[in-house]
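Okay, structure first, notes after.
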Amino acid sequence: MRSAVDSLDQANLNQINQDTHSTVDLYQSDGGVRSVTRDRETQYAMAEDEHISPALQEFFVHSNDAHVRRYLANNPSLTSDALQQRLAQDQDSKVRKALANNPSLTSEARQEALAQDQDKWVRIYLAGNCSLTSTMQQTLAQDQDEWVRRDLARNHSLTSTMQQTLAQNQDEWIRSYLARNPCLTSTVQQTLAQDQDERVRRDLAGNRSLTSTMQQTLAQNQDAEVRAVLARNPSLTSTMQQTLAQDQDEWVRSNLARNPSLTSTMQQTLTQNQSTKVRLALAGSPS
């Protein structure tokens, strides 16, 4: 039985990499043979193809063309730990960034290696990876670079413990990015709703995943800007629409009139609003 790559030694690999017109025969696991073109554009397409075979993956990981390795590193079909390990040590930082962003990067050992990368952008991409383990979330939460920690706050797969940790972070921008995260628990939403920074509460008000209870809490916030952002939230319940339609601030009511999810009853109510700005906003609303 042939190996995935048919006895290619380093000399052969170098020769093939240098000759853009040659082809190489790869022996597939089913015993078939596939001839691979050396045309670069074709190789890029093959490297990012989700149906790429193990034989091609092993071949492309040795490519002298960093673009080929980059496309391969970003391919969600790249599940071989051995190949991920090789790419995690690639001299090209863009290859490592592509791997760090790959949802198939589930090995904690590979994640840990990238979490220690000297290039902050590799760690930033890793922080946003939905496959990040809880241990690696804790590691990156302590990263020295603020942008790594901020991108971690936007990760949709954050554990509830990590959400609570970041909700209490001293950096208001981290809390602000966290407030926009659509996967927040109700407990963390409650924590952020009480945040001392208006930016955090404003970003939370625009979160489409707000619970009805949290909408009610923010509708009573003393800052009109927070209520104005909430008024345009497409997930606003009909009850909260009725509440904000009575808001004393004209800006809040105008924003409500622009909400694309207004009920027909609320549209009728706002057509009779005393404010010209509110009625004009309603006239231009997509709802």
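FYI, it's all coordinate maths here, none of it is from the lab. A quick note: this is a predicted structure, and the numbers were derived from the prediction, not measured. Methodologically, a virtual Cβ is constructed for each residue, glycine included, from the backbone with ideal geometry; neighbour enumeration extends over all protein chains shown.
So here's what we get for this one:
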| read-out | value |
| --- | --- |
| Boolean, ALA281 is of a type outside the set (Lys, Arg), in contact with a Phe, Trp or Tyr (Cβ under 9 Å, 6 or more places away or on another chain), surrounded by 15 or more Cβ atoms within 10 Å (Cβ to Cβ) and over 22 Å from GLU172 (Cα atoms) | no |
| Residues located in region 73-92, provided they are over 16 Å from LEU114 (Cβ atoms) and surrounded by 18 or more Cβ atoms within 10 Å (Cβ to Cβ) | ASN75 |
| Check on VAL252, part of a helix (DSSP H, G or I), under 16 Å from ARG202 (Cα atoms) and under 30 Å from the mean Cα position of the chain (by Cα) | no |
| Matching residues, region 148-164, being within 14 Å of the chain's Cα centre (by Cα), in a helix (DSSP H, G or I) and not small (Gly, Ala, Ser) | VAL148, ARG149, ARG150, ASP151, LEU152 |
| Any hit, region 276-287, residues being closer than 30 Å to GLN138 by Cα, part of a loop (DSSP other than H, G, I, E, B) and not small (Gly, Ala, Ser) | no |
| Residue in region 231-246 that is within 25 Å of THR161 (Cβ to Cβ), without any contact (Cβ under 8 Å) to a residue 60 or more places away in the chain and in contact with a Pro (Cβ under 8 Å, 6 or more places away or on another chain) present | no |
| Selection status of VAL148, surrounded by 19 or more Cβ atoms within 10 Å (Cβ to Cβ) and either more than 30 Å from ARG253 (Cα to Cα) or in contact (Cβ under 8 Å) with a residue 40 or more places away in the chain (or both) | yes |
| Qualifying residue in region 218-241 (condition: basic (Lys, Arg), in a loop (DSSP other than H, G, I, E, B), farther than 14 Å from SER275 by Cβ and in contact with a Gly (Cβ under 9 Å, 6 or more places away or on another chain)) | yes |
| Qualifying residue in region 210-223 (condition: under 23 Å from the mean Cα position of the chain (by Cα) and surrounded by fewer than 17 Cβ atoms within 10 Å (Cβ to Cβ)) | yes |
| So VAL200, is it under 21 Å from the mean Cα position of the chain (by Cα), closer than 29 Å to GLU146 by Cβ and in a helix (DSSP H, G or I) | yes |
| Complete set of residues in region 90-108 that are part of a helix (DSSP H, G or I) and under 12 Å from VAL68 (Cα atoms) | LYS94, VAL95, ALA98 |
| Residue list for region 118-136, restricted to those being over 9 Å from LEU152 (Cβ atoms) and not in a helix (DSSP H, G or I) | GLN118, ASP119, ASN129, CYS130, SER131, THR133 |
| Answer from GLN111, GLN142 - the residue that is closer than 24 Å to CYS183 by Cα and within 18 Å of the chain's Cα centre (by Cα) | GLN111 |
